[in-house]
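Quick note: the coordinates plus some simple rules give every number you see, no bench work behind them. What you see is a predicted model; the values in this text were computed from it and never measured. Here the Cβ positions follow ideal geometry from the backbone for every residue, glycine too, while neighbour counts run over all protein chains shown.
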Amino acid sequence: MDKAFLIQFSSSLAAVGVLVGLSAWARIGRPARTLDEARARELFFEDFPDRRIDRLWITRDGKGALARSGECALVLMAVGDGFAVRRLSWCQASSAMFKGGVLSIHLGDVAAPRALLAFDNWPPADLAA
Amino acid sequence: MSPDVDPVALAVPFFVLAIVLEIILGRLGRAKANYEPRDTFTSLAMGLGSTTAGLLTGGAIFAASLWVYEHRLFEIPMTAIWAWVALFLLEDMTYYWFHRLAHERRFWWASHVNHHTSQHYNLSTALRQTWTGGVAGTWLLWLPLSLIGFPPAMVAIQKGISLVYQFWIHTEAIGKMPRWFEAVFNTPSHHRVHHARNPRYLDRNYAGVLIIWDRLFGTFQPELAEEPCRYGVVKNLGTFNLLRVAFHEWVAIGRDLATARSLREAAGYLFGPPGWSHDGSRETSHQIRARWAATQPQTVSREAAEATGPTPAARSESRV
């Protein structure tokens, strides 16, 4: 392998490390804001403006939410200091694995393979209502 | 004939210093700048990977340019100022059409999408570049410049200058530039719109250096104070995994092709607009914009009027 390339690559790698370290030190991500129902609805609306939300559950850490919209489930998950939203069938969501207080939903999307949502229990007690 | 001057390589120290400055100003509260470490790592690692991937295909691309240049129509001297002015305009227009193609057709979007996957808009986002540009073949769009007679080295330098220009516009630290500058050049404000996922802003402002191409070809959208940009893609990524960032749309295309039931469906999934599906179960940017516009008829008609200039009635009123 070309020596100049190796020098350039390793210098760039070092620069990446320094810049990432600097960004971590600076702590200038978006202000941390725990999800509440209003914010969760707002985020769902951005991606699915036509969907009516029948039921909404916010995770206990405020970093995600799950909504029922007819026969669909809408999933909201934190990604860094932002969020990603996905839609799947309600059956998939309701039958997802719940272990150790975490609901693990396989989304079948290579760009968002899995959502991990922290709930006290699942399915929630009020689901049948 | 190979480019002895590589503007991008020369600019790398400037890129690093500018990012350091943006982070420090953000930390001191002197400029608007949000950095999230994993997002920053993803952007910078994508940039590093892009440079490495470019080395694999760069030689073949340059060889193709040389071959075309051997069949050139005119002799264009690399030392003439008029030649550089002409190349600047032609290369920038080529960039506009490359960029538009890269957004409006899925095969090329698959390569370009990762530049848009950050939910942040800062100088590190500028370096979040594709790993698959050579494979996608958009470099073919620049070959006509060599066929006209511009030496490939000259084209490569101009492409580099354009890329370096586009670095500084990836920032929220700069609000608006002077009006004359905003009218002619691509600016942070114009490019924030391009990176936004708000329906109103989708598939707008494709410009490289000059914003005039968007104004000319009907894709210009100013940044509006009443609608702050929300950055990212229509379906934001749920991971920082580099391989998923780099290849997710290619994998998604592969999955769709595997289920296609006809050549027409396969062509739609490959070359249709991103979001196209055979059963209409997904939405393209155009459909998302149309849905949004249907809920905002007054806003849309007002913007259309502003874009086309004052109505005859308004003009006569202004004369009074």
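Laid out as a table, the results:
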read-out: Relative contact order [Cα under 8 Å, 6+ residues apart], chain A, whole percent; value: 15
read-out: Alpha carbon convex hull of chain B, volume per residue in cubic angstrom; value: 181
read-out: Cα-Cα pairs of region A:1-61 separated by more than 16 Å (percent); value: 67
read-out: Least to most buried among B:GLU249, B:GLU283 (fewest other Cβ within 10 Å first); value: B:GLU283, B:GLU249
read-out: C-alpha long axis of helix A:37-47 to longest principal axis of chain A, angle in °; value: 70
read-out: Within the protein assembly as shown: Cβ-based charge dipole about Cα centre, in debye rounded to nearest 20 (Lys, Arg +1; Asp, Glu -1); value: 680
read-out: Among B:VAL68, B:VAL20, B:VAL85: highest mean-square fluctuation, GNM of chain B, C-alpha pairs under 10 Å; value: B:VAL85
read-out: Estimated vicinal HN-Hα couplings, Hz - region B:123-138 in sequence order (Karplus 6.51, -1.76, 1.60; Gly, Pro = x); value: 4, 5, 4, 4, 8, 6, 10, 5, 9, 10, x, x, 5, 5, x, 5
read-out: The protein assembly as shown: mean projected area of Cα convex hull, nm²; value: 27.2
read-out: The protein assembly as shown: Lys pairs at Cα distance under 30 angstrom, eight or more positions apart or on different chains; value: 10
read-out: Hull volume in cubic angstrom per residue (convex hull over the Cα atoms of chain A); value: 162
read-out: Rounded to whole Hz, the Karplus (6.51, -1.76, 1.60) HN-Hα couplings of region B:213-220, x for glycine and proline; value: 5, 5, 5, 6, 9, x, 10, 7
read-out: 5 angstrom amide H check on B:TYR231, placed H, neighbours 5+ away; value: B:ARG197
read-out: Stokes-Einstein D in µm²/s, Kirkwood radius over Cα pairs - region B:80-174 at 20 °C with 1.002 mPa s viscosity; value: 148
read-out: DSSP H segments from chain B that extend 24 Å or more along their own axis, Cα-based, with Kyte-Doolittle mean of -1.0 or above; value: B:7-27, B:37-69, B:81-104, B:242-259
read-out: Of the GluC sites (Glu not before Pro) in region A:1-75, those whose Cβ has at most 14 other Cβ within 10 Å and which sit in DSSP loop; value: A:GLU71
read-out: Sorted by Cβ neighbour density within 10 Å, fewest at the top, the residues A:MET77, A:MET97; value: A:MET97, A:MET77
read-out: Computed over chain B: relative contact order in percent, which uses C-alpha pairs under 8 Å that are six or more apart; value: 21
read-out: Exposure proxy order (Cβ contacts within 10 Å, fewest to most) of B:MET78, B:MET46; value: B:MET78, B:MET46
